[in-house]
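Just below is one structure, and these are the notes that go with it.
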Amino acid sequence: MLEQEIEETVDQLESEAYRAEAEIMSTHLALLRDPELHGQIYDLIQNNRHRAETAVEQVLQSMAAMLASAEDPLLAERAADLRDLAIRLEAGFSERHAFLPLTAWDRAGCFIIALPELMPSLVLKARELGVAGFIVAYGTGVSHGAILAKSFGMPVVRVASLEYVTRFSGRNILVWGEGEVLVEPNEIELSARKLPDNVIPIERVAGAPEARVWISIVDPGQLEAVEWAGIEGVGLYRSEALFMRYREDFPSEQEQFTAYRRLFRLAGRRPVVFRTVDLGADKPVEHMRFGPQVNPSLGLRAHRLFRFHPELLITQIRALLRAASGDHRLWLMFPMLETIDQLHFVQSLVDEAIQSLVNEGITFQSDFRQGVLVETPSAAWSFRRLLKEVDFASIGTNDLVQYLFAVERNTANVADLYQPEHPVVLEVIHHLTQIAADAGKPIFICGEMAADMSLLPVLVGLGLRDFSLSMGAAAIAVRDLSGLDETACRRLAQQCLAADTVNNVHTLLNRPDKQPVPSQVVAEGDVLDPVCGMVVHANDTPYAIDVGELSHYFCSRSCLNYFMDHLKQVNGTTSE
C-alpha cells in the first residue's frame with residue numbers, strides 16, 4: 001500500500017536525522033490523504049464509470065496541470081509531487097515499475113540516471129541503489145526531487161534534451177554539481193574540477209580554518225554506518241527521539257540505559273554531545289497531555305516540563321551516567337534555557353540523580369562536561385553569565401531564528417519570514433562566538449543553518465569552528481571547509497554584518513534576492529487560495545466553489561468574489 005510505504009520512508013528519514021527531507025515525503029502523505037482528492041476520484045469512478053487507475057491519473061494530472069501554470073515558480077514545481085503520486089499509484093494498479101530511466105556509469109562504477117523529470121520517490125529509490133547523480137530534461141533547484149538529491153549529495157544537471165545523453169548509455173560519465181556532464185573525462189578534465197572524495201582526495205588548502213565537523217543523530221544505530229574520517233564525534237544526540245517511540249509510557253531507566261550504552265559503544269572514545277530530553281511543542285508524546293496551550297512553541301517544553309515531572313530528567317541522567325561509565329567522553333547539554341535560573345534548576349536535578357547513584361553504590365561516569373544550547377533570545381542576552389557556569393555551548397539555530405523573528409518556521413504562510421541569513425541573526429551569532437572566544441570555551445553550531453553550505457564561509461568568518469550536521473551533510477562540510485580561506489571568510493562575514501537587509505546578504509552570497517519558501521509539511525485538508533496564494537484549511541473556510549470536477553477554497557469572501565468575477569469574464573459574461 002502506497003500510504004504505508006511513504007510512512008515507512010518518513011520514519012526512515014527521521015531516524016537518519018533527515019528531518020527536512022522527511023517533511024517533503026510527509027507532504028506526499030498529506031496529498032494522498034486529502035479527502036478532496038478521494039472525493040474527485042470516487043466521483044469519476046461512480047458517475048463516469050472510469051477505471052480506478054484512470055480516475056487517479058486524470059484527477060492528479062489535472063491538479064498538476066493547474067499548479068504547473070502558476071506564476072509562482074515554487075507552486076509550479078509542486079506539480080511534480082502530484083505527477084510523482086500519479087505515476088506511483090498507476091504503477092501500483094498495473095503492477096509495473098514506476099520508472100524506466102536510462103543509465104550510464106561513472107568512474108566508480110555507479111549509475112548515472114537520465115530521465116525527463118526528477119521525482120522525489122525516484123531519488124529515494126536511487127539512493128538505496130547507490131546512484132551517483134542525475135541528468136534531467138526539466139525541473140529546477142526548488143523542486144522536491146532536486147532538494148532531496150542535494151541533501152543526499154547527488155548532483156543534478158539539467159540538459160536541453162535527453163537525446164544528447166542517451167547515445168552514451170553504458171559509458172563512463174561524470175555529472176559535476178556545477179552543471180556539467182563529462183563523457184569519458186580524461187585526467188586533465190578531472191583535475192580541473194572539484195570532484196567527490198572518491199575521485200580526487202581532499203587536500204587542505206593553505207589558509208584553511210582549523211574547523212571540526214561533528215554529526216547530529218537521533219538514533220544510536222546511525223553510528224553503525226558512519227565513516228569517521230574527518231569527523232570529531234557526535235555533536236548532537238537528540239534524546240527525545242527515543243521517548244517519542246514509546247506509545248504507552250516513557251522509557252524506563254533500563255530501556256534508556258540499553259539505548260545509551262549502544263550509543264557510547266559505537267562512538268568509542270569520541271566525544272558525544274548528549275542533549276537532554278526536549279519534549280513538547282513540535283515533539284509531542286501520545287501518552288501525555290501538556291495542558292492548555294494557545295501556542296505550544298511558547299508553552300510547556302524541555303526543562304519547563306521538569307517542574308511538574310522532575311523524575312523525567314532524573315531518570316534520564318541516571319541511565320545516561322551509568323551508560324557512559326568507563327573511558328567514554330560525555331558532554332551533557334541542556335536545551336531551551338532562558339536564564340541562569342533555569343540552568344541552576346536543571347543542574348540541581350542532575351546533582352540529585354548523581355547523589356542517588358552514589359547512595360545505591362552504582363558505577364557511573366562522574367567526569368563529564370556540562371553545556372547549554374542557546375535557542376532563546378534571553379539565553380543569547382545572558383550568555384556571558386551562562387557560560388561562566390558551564391564548559392561549552394552550542395547554538396541551536398532552528399529555534400533561535402524562530403524565536404528571534406517570532407515566526408513559526410513550519411507555518412506555510414509566514415515561512416518566508418524565517419531568515420537564518422538575515423544580518424540580525426548573524427549579529428547574534430557573532431556576539432555569542434566573541435563571548436565564547438573571550439572565555440576560551442568551545443561553541444558549536446547545529447540545525448539547518450549549520451548545514452547550509454552557502455553560509456559556511458560566513459559562519460567561519462564569524463568565528464565558528466565546530467559544526468554539527470546530519471550524516472549526509474557532514475562529508476560535504478569536511479570537503480568544503482578544507483577549501484576555504486580563513487581571511488576571505490572573515491572579510492565576507494564583516495560585509496554581511498554591515499549589510500542592512502537580507503537581500504544585501506543574498507547579493508554578497510550570490511543568491512537571488514527572492515529565496516524560495518522552505519518546504520513545509522502540508523497538513524491534511526490544507527489547500528491554496530488560488531487568488532492570493534494563502535494556505536487555508538478546507539474544512540474551516542466557508543468560502544468555496546466547485547468548478548467542474550475541481551473545488552477551490554478561499555481565505556475570504558473578497559477572494560471568492562474576485563475568482564467568480566474572473567470566471568464570468570472568461571466565460572464571456574459580466575458580473576452583476
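Out of segment 467-492, which residues are closer than 14 Å to residue 449 by Cβ and either at pLDDT 95 or above or in a helix (DSSP H, G or I) (or both)?
467, 468, 473, 477
Restricting attention to segment 301-315, does a residue exist that is in contact with a Phe, Trp or Tyr (Cβ under 6 Å, 6 or more places away or on another chain) and within 17 Å of residue 370 (Cβ to Cβ)?
yes
Looking at residue 505 and the list (1) assigned to a loop (DSSP other than H, G, I, E, B); (2) touching a His at 6+ places or on another chain (Cβ under 8 Å), which single condition is not satisfied?
(1)
Restricting attention to segment 394-405, does a residue exist that is aromatic (Phe, Trp, Tyr) and farther than 24 Å from residue 347 by Cβ?
There is at least one residue in segment 394-405 that is aromatic (Phe, Trp, Tyr) and farther than 24 Å from residue 347 by Cβ.
With the requirement that a residue be surrounded by 14 or more Cβ atoms within 10 Å (Cβ to Cβ) and not small (Gly, Ala, Ser), what does segment 535-544 give you?
535, 536, 541, 543
Need pairs with beta-carbon distance below 8 Å; first residue free of Cβ contacts under 8 Å to residues at least 24 places away in the same chain and within segment 340-361, second exposed (fewer than 15 other Cβ atoms within 10 Å of the Cβ) and part of a helix (DSSP H, G or I); sequence gap 6+ or separate chains.
From segment 340-361, no pairs qualify.
Within segment 436-461, which residues are among the hydrophobic types (A, V, I, L, M, F, W, C), surrounded by fewer than 19 Cβ atoms within 10 Å (Cβ to Cβ) and under 20 Å from residue 489 (Cβ atoms)?
437, 453, listed by residue number.
Of the residues that make up segment 535-546, is at least one part of a loop (DSSP other than H, G, I, E, B), modelled with pLDDT of 90 or more and either touching a Lys or Arg at 6+ places or on another chain (Cβ under 9 Å) or closer than 27 Å to residue 401 by Cα (or both)?
Yes, segment 535-546 contains a residue that is part of a loop (DSSP other than H, G, I, E, B), modelled with pLDDT of 90 or more and either touching a Lys or Arg at 6+ places or on another chain (Cβ under 9 Å) or closer than 27 Å to residue 401 by Cα (or both).
Quick check on residue 322: is it assigned by TED's automatic domain parsing to the domain that holds residue 236 and in contact with a helix residue (DSSP H, G or I) (Cβ under 8 Å, 6 or more places away or on another chain)?
So residue 322 passes the test.
So which residues in segment 227-265 are closer than 23 Å to residue 479 by Cα and modelled with pLDDT under 85?
If the condition is that a residue be closer than 23 Å to residue 479 by Cα and modelled with pLDDT under 85, then 227 is the only one that fits.
Among the residues of segment 342-364, write down those that are over 30 Å from residue 281 (Cβ atoms) and either not assigned by TED's automatic domain parsing to the domain that holds residue 400 or not aliphatic (A, V, I, L, M) (or both).
355, 359, 360, 361, 363, 364, listed by residue number.
The values are calculated or read from the model by the stated rules, or taken from the named source; none is laboratory data. The model shown is predicted, which means the values in this text are computed figures rather than measured ones. All Cβ positions, even for glycine, are placed from backbone atoms using ideal geometry, and neighbour counts span all protein chains on display.
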